[in-house]
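Asker: Dropping the structure in here first, questions after.
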Amino acid sequence: DLLHFHYSLSSTIEMAANRCQCYCSLLLITAIVPLLLLIWGGNVVTARCTAYLSSLRRQQENRWFQRAPRLFSQTRCDSSNGASSAAHTTIRSICGGVFVQERKRQSQQSSNESNAPPFRSVQTRTAGFLLQNMTRATQTHDMFQNPDALWGYARSKFYVRARLIADVLGQLQDHQDQSEEGSTVVTHLFDGEDVGLLRGLMLDRLQNVRSACSIGCGPGNDAVGLVAVLKSMSTSGPACEDVKEIGSRTPTLERMVLLDYAMNEWKSAILSPLVDSILIPGGYVGSVKMAHCDVKKSLFNSVINSDVRQALGCIDQSKDNRRLALQTPCDIYLISYLLSETKGKWEDFVIE
């Protein structure tokens, strides 16, 4: 009986242990599965929340577009007549001159390096990396220290963005030409004012621009777009002529101020050839000032923007640099793509 009891007790204990193991395994599974589902659901919720917040931020950044008057029918204009067509010809001429300088540099580099890879493929690859980071606002100063990346950027963006500036401003002239020819131009009211009248006032101010400042100028494409459309609006002759023929004429712009975060790099690679060989000799600009600028820092108090204050001709009217005045303010300020590339860190600079 004792032996039978021992075997029965052992069997009972073994059965209990097996059941306990099964229950523990089942309990573990029932705990892990909800946890995994919770983690997965948390990731999904986080991703959706991030996307929602990003959309809200984009709506906030673009809100001023919705509130602005409809002065232009579209941002990108592909018109082939009037001021826009003449400006496009000027931009193509200037771009050709810029890349002539680049071909000279590349020919010298190729003669020194017999096994150098094709320069366009190198420029495209390095510029692609730079552009990706600029789109995400993750660019660093080191990324601008590669001349191939800067020339690849210019090859990809210079003509397109110069033409964008010329097209937007040139629509003022195109609408004016249509009105003079008797064409039907649809006008709208914004806050009770005739948009056609506003266009006329803006065109008059644009035709009298004699100085300009390009903030975040990069290789100078915005400046080229402006001088191209101003040249096309002038009555001094065709928009595009040989540099030697127009070198003695009164420049289209008396003064241009170029500001950029990587000014030294852009200047040594592209801006110096553009300014010294094309813009000034070609009669587009009388004088050009360049300065390092960081729009994420205060214009008033930051040491890093002291060159900006000097280039803009700021004079201090108070002891704490809180009241600055411009001796010779620019007639127009160009900011293109810079705000999206700095992601909301530009407010103080622009307001100041």
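The values are calculated or read from the model by the stated rules, or taken from the named source; none is laboratory data. These numbers were taken from a predicted model, which means no experiment stands behind them. FYI the Cβ positions are ideal-geometry reconstructions off the backbone, even for glycines, and counts take in every protein chain you see. Accessible surface areas use protein heavy atoms only, side chains included; no ligands, DNA or RNA. Shrake-Rupley method; radii C 1.70, N 1.55, O 1.52, S 1.80 Å.
Asker: Roughly what would the spin-label model give for residue 340 and residue 156, points 7 Å off Cα along C-beta, in nm?
Answerer: Placing both labels 7 Å beyond Cα along the Cβ direction yields 1.4 nm.
Asker: I would also like to ask the following. If DNA, RNA and ligands are ignored and the probe is 1.4 Å, what is the ranking of 159, 284, 333 by accessible area, most exposed first?
Answerer: Ranking 159, 284, 333 by accessible area, largest first, yields 333, 159, 284.
Asker: Can you sort 91, 13 by 1.4 Å-probe accessible area, starting with the largest?
Answerer: In descending accessible area the options line up as 13, 91.
Asker: Ok, one more. Determine how large the accessible area of residue 95 is when every protein chain is in place; take a 1.4 Å probe and give Å² rounded to the nearest 10.
Answerer: Estimated to the nearest 10 Å², residue 95 gives 10 Å².
Asker: Another one. Ignoring ligands, DNA and RNA, how do 12, 342, 250 rank by accessible area with a 1.4 Å probe, largest first?
Answerer: 250, 12, 342
Asker: Now, a different point. Accessible area of residue 332, 1.4 Å probe, to the nearest 10 Å²?
Answerer: For residue 332, the solvent-accessible surface is approximately 30 Å².
Asker: A follow-up question, please. Can you give the accessible area of residue 266, probe radius 1.4 Å, in Å² rounded to 10?
Answerer: Here the residue's solvent-accessible area equals roughly 0 Å².
Asker: Can I ask one more? For the pair residue 53 and residue 20, what calculated FRET efficiency results from E = 1/(1 + (r/R0)^6), where r is the Cβ-Cβ distance and R0 = 45 Å, to the nearest 0.05?
Answerer: 0.40
Asker: Taking the Cβ-Cβ separation of residue 202 and residue 347 as r and a Förster radius of 25 Å, what is the calculated FRET efficiency to the nearest 0.05?
Answerer: 0.50
Asker: Now for a different question. Quick one: of 267/343; 297/343; 157/267; 297/345, which pairs are farther than 20 Å apart, Cα to Cα?
Answerer: 267/343, as the Cα separations exceed 20 Å there.
Asker: Using a cut-off of 13 Å between beta-carbons, work out the net charge of the residues near residue 307 (Lys and Arg +1, Asp and Glu -1, residue 307 not included).
Answerer: +2
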